[in-house]
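K.L.:
Quick one: the structure is below, questions incoming.
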Amino acid sequence: MGRTLLKRVGELAAVLLIVSFGTFMLVSLLPNDPAVVILGEGREPAEYEAVREELGLNDPLPVRYLDWLGSAVTGDLGETVVPPVTDVLDRVAAALPVSVELAVLGMGMALLFSIPLAMWSAYRAGGRVDRVISAGAFGVLSVPSFLAGLLIIMVFANQLGWFPRAQWVRLSESIGDNLYHAFLPALVIALAETALFTRILRNDLITTLQEDFILAAKAKGMSARHIMFSDALRPSSFSMITLLGISLGRLIGSTVIVEYLFALPGMGSLVIGAANTGDFTMVQGAVLVIAVIYVLTNLLIDLSYGVLDPRIRRAHV
Amino acid sequence: MSSSSAALQERSGAARETPVLVVDDLRTQIHTPHGDVQAVDGISFTLGRGETLGVVGESGSGKSVLGRTIMGLYTTGPTMTVTGRVLIAGKDVHALSASELRELWGGDVGMVFQDPMTALNPVKKVGVHLTESLRKRRGMNRPQAKARAAELLALVGIPEPRRRLDQYPHELSGGMRQRVVIAMALANEPALLIADEPTTALDVTVQRQILDLLARLQDELGMAIMLISHNLGVVAGRADRVAVMYAGRVVETADAAALFDAPHHPYTEALLEAIPRLHQPPHVRLAAIDGAPPNMVAPPVGCRFAPRCRYAQPDCTEAPPSLDPAMANGVVTPGHSFACYHPVNAGGQ
Ligand SMILES: Nc1ncnc2c1ncn2[C@@H]1O[C@H](COP(=O)(O)OP(=O)(O)O)[C@@H](O)[C@H]1O
Ligand code: SF4
Ligand SMILES: [Mg+2]
């Protein structure tokens with residue numbers, strides 16, 4: 001296990017290096033001239049030149065990249081270019097919990113909905129319940145999440161008034177209030193993921209249910225519920241777990257639509273805002289953090305395979 | 001599992017009590033996209049306490065479907081239709097409610113599967129396979145169930161049972177895994193054990209050990225065994241009676257000795273010729289039966305074996321032969337029946 005882990009960490013470091021370089025390059029291609037962003041239009045060329053010199057923008061690209069990476073490794077992501085000038089890391093630290101919470105809540109809800117739905121579907125595959133659930137999943141997937149979000153807001157916030165329409169209450173302020181405010185956005189995220197998870201898990205469950213060990217469990221007199229949860233679920237969950245990892249990593253950086261709909265101060269809003277104003281240090285820092293989280297999430301998912309399947313655990317020793 | 005006269009007497013005595021298993025005109029039709037498969041087509045027999053019935057036939061002849069229909073694992077539903085009756089310990093299997101069925105499965109009947117690789121859940125420890133049914137169905141607490149599980153492993157001849165409980169199936173050899181599967185089936189001391197090709201996936205020396213184990217367990221626990229195999233050699237010396245299946249039907253059934261001595265059905269004769277002999281050099285191909293079993297969606301009209309039968313006559317393809325008692329010198333041979341118009345070894349007919 002230890003050696004595998006070490007190997008994986010090495011691979012991930014390489015991935016991060018590539019991603020960070022990509023981000024860095026991409027941001028250098030932004031059309032805005034940072035000097036203009038900082039000083040505004042209509043100054044003397046020499047003034048712009050001075051700012052560029054100060055920011056190190058006149059150094060060759062590789063040197064700039066290494067400088068930036070060197071500080072990033074020590075946790076220093078620089079300061080924002082656009083006023084109010086603050087530490088990039090502070091801004092990220094404020095936005096990240098919102099995104100992580102939304103993603104985790106959304107995924108949690110999706111699992112909570114999709115596991116029973118998939119089981120119900122697979123238990124009598126081809127039956128009426130299965131057909132209704134499959135059609136429902138297909139329907140949900142075909143509705144753009146923007147529209148689904150608007151609909152949910154209209155019904156649950158505007159019409160019924162059960163949940164607030166916008167605003168965010170930090171977890172540290174009040175757990176109850178925080179969950180109350182996070183519920184609808186998380187639901188919008190969960191919707192499409194539920195449909196995906198249900199379909200994937202249903203298919204894998206149907207395959208597993210044809211295995212002899214399911215018949216053997218039945219022949220021992222175990223109940224359908226026991227067989228579903230205790231025998232069928234774990235061996236059927238690999239594709240779903242993989243998908244879960246990808247979704248989780250992706251959502252942390254890109255719950256943009258939901259953040260926009262509910263006016264939430266998450267990572268999506270942060271990156272989009274910074275890109276619009278040409279705040280290149282902010283974009284670089286935020287994207288790097290998102291990449292790190294993505295990579296770490298996938299590492300966790302990889303490790304979870306070993307927990308799910310003892311054969312993998314041994315194979316890696 | 002012996003043919004001594006004492007066993008015969010014991011058996012005829014057993015026959016007078018309620019049989020453990022009664023199968024009456026059982027039919028299982030499987031609905032597939034290509035049409036309906038009559039996988040089991042009118043099978044009847046009874047099995048008494050302590051008795052062993054060998055069910056033999058080539059792959060695809062319907063043995064597994066028969067076993068699973070008898071268990072009630074296959075029953076009328078969207079994908080199949082079952083008619084006829086199965087009584088296990090007097091209970092009409094296909095008339096039981098879902099919860100009564102679970103009780104039956106956890107109690108009166110146990111099943112051993114062909115491939116011990118796939119019959120055990122790869123993500124569950126050996127111990128859990130055994131204790132979960134003891135806890136759920138027998139209401140034992142964790143330590144009780146664990147102790148009983150270790151006992152069961154010892155019973156099926158697994159050394160260091162306590163340690164094995166904490167291992168995963170993939171850490172055991174094929175033979176050991178099959179012992180675990182048998183232990184699982186025995187957990188509630190069933191009156192009937194259905195062993196569906198219990199040794200087919202194992203190598204020869206292990207095969208013998210597993211069959212010996214089943215014989216010993218039968219002596220100790222007095223259960224009836226339905227021993228399914230594609231190989232007549234496997235049931236030789238293990239079964240009291242043998243039923244030969246072809247294309248969903250029993251084509252010949254007899255006491256084992258009579259069947260091996262003088263088979264009447266050409267298919268039985270061919271199966272006997274196909275038994276691997278120990279003195280044969282390895283890797284020599286057996287006298288396999290020419291041709292393949294029929295397409296079960298549209299089986300031949302008359303005798304289903306006709307296209308492959310070396311004794312076939314024109315009348316064979318007109319109507320299916322019925323399973324009738326064998327006669328010797330004008331007298332019915334007890335327990336011996338076959339379905340053929342032109343039987344072999346039937347001088348006295
Ligand atoms: N689940 C199933 N769906 C469709 N056909 C099946 C199914 N199970 C068995 N059959 C068919 O029923 C026949 C008998 O199969 P089976 O009982 O498995 O044979 P055996 O155990 O003697 O090798 C075969 O023709 C097989 O194709
Ligand atoms: S009935 Fe005819 S075809 Fe069928 S087994 Fe007998 S001889 Fe062969
Ligand atoms: Mg079979």
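The values are calculated or read from the model by the stated rules, or taken from the named source; none is laboratory data. As the structure is a prediction and not an experimental result, all values here were calculated from the model. FYI the Cβ positions are ideal-geometry reconstructions off the backbone, even for glycines, and counts take in every protein chain you see. For accessibility, only protein heavy atoms count, side chains too; no ligands or nucleic acids. Shrake-Rupley method; radii C 1.70, N 1.55, O 1.52, S 1.80 Å.
K.L.:
Given q = 0.09, 0.10 Å⁻¹, what are the Debye log10 I(q)/I(0) values for the protein assembly as shown, with equal point scatterers placed on the Cα positions and solvent ignored?
P.N.:
Taking Cα atoms of the protein assembly as shown as identical point scatterers yields -0.87, -0.98.
K.L.:
Provide a whole-number value for the mean count of partner chain Cβ atoms within 10 Å of the Cβ atoms in peptide A:200-213.
P.N.:
Mean partner shielding for this stretch: 2.
K.L.:
Pull up the cross-link candidates among the lysines for B:K136, meaning alpha carbon to alpha carbon under 20 Å and not fewer than 8 places away within one chain.
P.N.:
A:K218, A:K220, B:K124, B:K125, B:K146
K.L.:
Report the convex hull volume per residue for the range A:45-161, counting only C-alpha atoms, in Å³.
P.N.:
For the range A:45-161, the hull spanned by Cα atoms encloses 240 Å³ per residue.
K.L.:
Okay, next question. log₁₀ I(q)/I(0) of chain A at q = 0.13, 0.14, 0.16 Å⁻¹, via Debye over equal Cα point scatterers, no solvent, to two decimals?
P.N.:
-1.06, -1.15, -1.30
K.L.:
When only alpha-carbon atoms are used, what values of Rg and Dmax, in angstrom, describe the range A:95-274?
P.N.:
Cα radius of gyration and Dmax of the range A:95-274 are 18.4, 62 Å respectively.
K.L.:
Moving to a separate point now. Relative to the present Cα-Cα distance, how much length would full extension add between A:I272 and A:L66 at 0.36 nm per residue of separation?
P.N.:
Extra length available between A:I272 and A:L66 comes to 71.6 nm.
K.L.:
Calculate, in whole percent, how much of the Cα-Cα pair population of chain B lies beyond 29 Å.
P.N.:
For chain B, the share of Cα pairs beyond 29 Å comes to 42 percent.
K.L.:
Which semi-axes, in whole Å and largest first, does the equivalent ellipsoid of the range A:171-266 have when worked out from the alpha carbon gyration tensor as the square roots of 5 times its eigenvalues?
P.N.:
The answer is 37, 16, 10 Å, longest axis first.
K.L.:
What's the average, rounded to a whole number, of partner chain beta-carbon atoms within 10 Å of each residue's beta-carbon in A:218-231?
P.N.:
Going residue by residue through A:218-231 and averaging, the value is 6.
K.L.:
Hey, which aspartates and glutamates would be in cross-link range of B:K63, C-alpha to C-alpha under 12 Å, not counting anything within fewer than 8 residues on its own chain?
P.N.:
Within the straight-line cut-off, B:K63 pairs with B:D41, B:D196, B:E197.
K.L.:
Sorted by mean Cβ packing within 10 Å, highest first, what order do the peptides A:121-134, B:255-268 take?
P.N.:
The most tightly packed comes first, giving B:255-268, A:121-134.
K.L.:
Might you work out the accessible area of B:W105 for me, using a 1.4 Å probe with all protein chains in place, and round it to the nearest 10 Å²?
P.N.:
Surface open to solvent at B:W105 totals about 20 Å².
K.L.:
With every protein chain left in place, what is the accessible area of A:F229 in Å² (1.4 Å probe, nearest 10)?
P.N.:
120 Å²
K.L.:
Additional query: I'd like the FRET efficiency for B:E171 and A:L300, computed as 1/(1 + (r/R0)^6) with the beta carbon distance as r and R0 of 41 Å, rounded to 0.05.
P.N.:
In this case the efficiency is close to 0.95.
K.L.:
Counting only DSSP beta bridges with both residues in the protein assembly as shown, tell me the antiparallel percent, nearest 5.
P.N.:
65 percent
K.L.:
Using only atoms on other chains, find how many Cβ atoms lie within 10 Å of each Cβ of peptide B:115-123 and report the average.
P.N.:
Shielding by partners across B:115-123 averages 6.
K.L.:
Another question, then. Just the number, please: percent antiparallel of the DSSP beta bridges in chain B, rounded to the nearest 5.
P.N.:
65 percent
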